[in-house]
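Participant: Dropping the structure in here first, questions after.
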Amino acid sequence: MSAPVDTPAYPPARNLLAGRNVLVTAAAGTGIGFATAKRALEEGARVFVSDIHERRLGEAVERLRALKAGAVDAKVCDVTRESDVQGLVAGAVQAMGRVDVLVNNAGLGGSAAVTEMTDEQWSKVIDVSLTSVFRMTRAILPHMYANRGGAIVNNASVLGWRAQALQSHYAAAKAGVMAFTRCSAIEAAEHGVRINAVAPSIAMHAFLNRVTSDELLAELKGREAFGRTAETWEIANVIIFLASDLASYMTGEIVSVSSQRA
């Protein structure tokens, strides 16, 4: 490919989540979580967002409320702490009455060779990127079961399938998210709850740009058939689809959001 394919225009809202209450973790900043909360609002949902960073979460809430697209509430949450997770779910239910959609977006990356990786590095990435998905799902499912419905969308990664040096901890966590998604979906199906996941390749945002070298970014872009990274809202669009009635017969599925060559 001689030049990157241009980014498409931002799509108009289609009212896909009208009347739904959506809870999104790790929604501060400029990443996929914030883009998902924004798209959910535009699609008619009421939104409850959380993050471990109090100041950035407050800034995100201000930006979301400035859209004047719907109600926005928030609560600080460390998804590695069970008490915080329980408090977040209780706070969201109290504020919105019920939670129809949970987006498990929290994750933590980093680069380390296996021979140099510490137990602490391994455990932290697994805790934030995988165990938090379990904690949040465990906390929300009784509520969704009682309501006989709901949708959970987990944020995995193509690294759950594909190999990349220095990413063994992150890849293992995201492969775990995929397996957890498939298995928990079978349990939840009889209660009318759907659980799916997205597996993005690379979506550019300010934080990723700060922690990733120019050389690695160029390499990752070169792997993409479109010759560019995804916009965060392009990942959010697929999350919204999986949360909506358009995906009513999908559960336990992992949807790759990627233009990578096989």
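The values are calculated or read from the model by the stated rules, or taken from the named source; none is laboratory data. All values reported here derive from a predicted model rather than from experimental measurement. For neighbour counting, all protein chains shown are included, and Cβ atoms are generated from backbone atoms with ideal geometry for every residue, glycine included.
Participant: Checking the conditions here, which among LYS75, LYS68 is modelled with pLDDT of 95 or more and surrounded by 17 or more Cβ atoms within 10 Å (Cβ to Cβ)?
Facilitator: Checking each option against the conditions leaves just LYS75.
Participant: If we scan segment 94-108, do we find a residue that is modelled with pLDDT of 95 or more, part of a helix (DSSP H, G or I) and either at positive phi or hydrophobic (A, V, I, L, M, F, W, C) (or both)?
Facilitator: yes
Here is a yes/no grid of residues against (1) touching a residue at least 24 places away in the same chain (Cβ under 8 Å); (2) touching a strand residue (DSSP E or B) at 6+ places or on another chain (Cβ under 9 Å); (3) within 15 Å of GLU231 (Cβ to Cβ):
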position	(1), (2), (3)
ALA18	yes, no, no
VAL24	yes, yes, no
ILE32	yes, yes, yes
LYS38	yes, yes, yes
GLU42	yes, no, yes
PHE48	yes, yes, no
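Participant: Further question: How about segment 241-250: which of its residues are assigned to a helix (DSSP H, G or I) and either farther than 16 Å from PRO8 by Cβ or not hydrophobic (A, V, I, L, M, F, W, C) (or both)?
Facilitator: Listed by number, the residues that qualify are LEU242, ALA243, ASP245, LEU246, ALA247.
Participant: Please state which of the following conditions SER50 fails to meet, knowing it meets all the rest: (1) surrounded by fewer than 20 Cβ atoms within 10 Å (Cβ to Cβ); (2) in contact with a Cys (Cβ under 9 Å, 6 or more places away or on another chain); (3) not β-branched (Val, Ile, Thr).
Facilitator: (1)
Participant: Can you name the number of the only condition in (1) crowded, with 16+ Cβ neighbours inside 10 Å; (2) part of a loop (DSSP other than H, G, I, E, B); (3) of a type outside the set (A, V, I, L, M, F, W, C) that GLY33 fails?
Facilitator: (2)
Participant: Being touching a residue at least 60 places away in the same chain (Cβ under 8 Å), part of a helix (DSSP H, G or I) and either among the small types (Gly, Ala, Ser) or at positive phi (or both) is the filter here; which residues of segment 109-146 pass it?
Facilitator: Within segment 109-146, SER132 is the sole residue that qualifies.
Participant: Further question: Which residue pairs have Cβ atoms closer than 6 Å, lie 6 or more positions apart in sequence or on different chains, and pair a first residue in segment 238-262 that is closer than 19 Å to LYS38 by Cα with a second residue that is in a helix (DSSP H, G or I) and basic (Lys, Arg)?
Facilitator: ILE240/ARG39
Participant: Out of curiosity, is LYS174 among the basic types (Lys, Arg) and under 23 Å from VAL255 (Cα atoms)?
Facilitator: Answer is yes for this residue.
Participant: Give me a count of the residues in segment 56-93 that are of a type in the set (Val, Ile, Thr), in a helix (DSSP H, G or I) and in contact with a helix residue (DSSP H, G or I) (Cβ under 8 Å, 6 or more places away or on another chain).
Facilitator: 3
Participant: Can you spot a residue in segment 147-161 that is without any contact (Cβ under 8 Å) to a residue 24 or more places away in the chain, among the polar types (S, T, N, Q), closer than 25 Å to THR30 by Cβ and part of a loop (DSSP other than H, G, I, E, B)?
Facilitator: Checked segment 147-161: no residue is without any contact (Cβ under 8 Å) to a residue 24 or more places away in the chain, among the polar types (S, T, N, Q), closer than 25 Å to THR30 by Cβ and part of a loop (DSSP other than H, G, I, E, B).
Participant: Follow-up question, since we're still on this one. Restricted to segment 22-78, and to residues that are polar (S, T, N, Q) and within 14 Å of VAL99 (Cβ to Cβ), which residue is nearest to the chain's Cα centre (by Cα)?
Facilitator: THR25
Participant: Next question, about the same structure. Restricting the search to segment 175-230, which residues are part of a strand (DSSP E or B) and modelled with pLDDT under 95?
Facilitator: ALA203, MET204, GLU224, ALA230
Participant: Follow-up question, since we're still on this one. Find all pairs meeting these conditions: Cβ atoms under 7 angstrom apart; at least six residues apart or on different chains; first residue within segment 84-95 and free of Cβ contacts under 8 Å to residues at least 60 places away in the same chain; second residue surrounded by 17 or more Cβ atoms within 10 Å (Cβ to Cβ) and among the aromatic types (Phe, Trp, Tyr).
Facilitator: Every condition considered, the pairs that remain are ALA95/PHE48.
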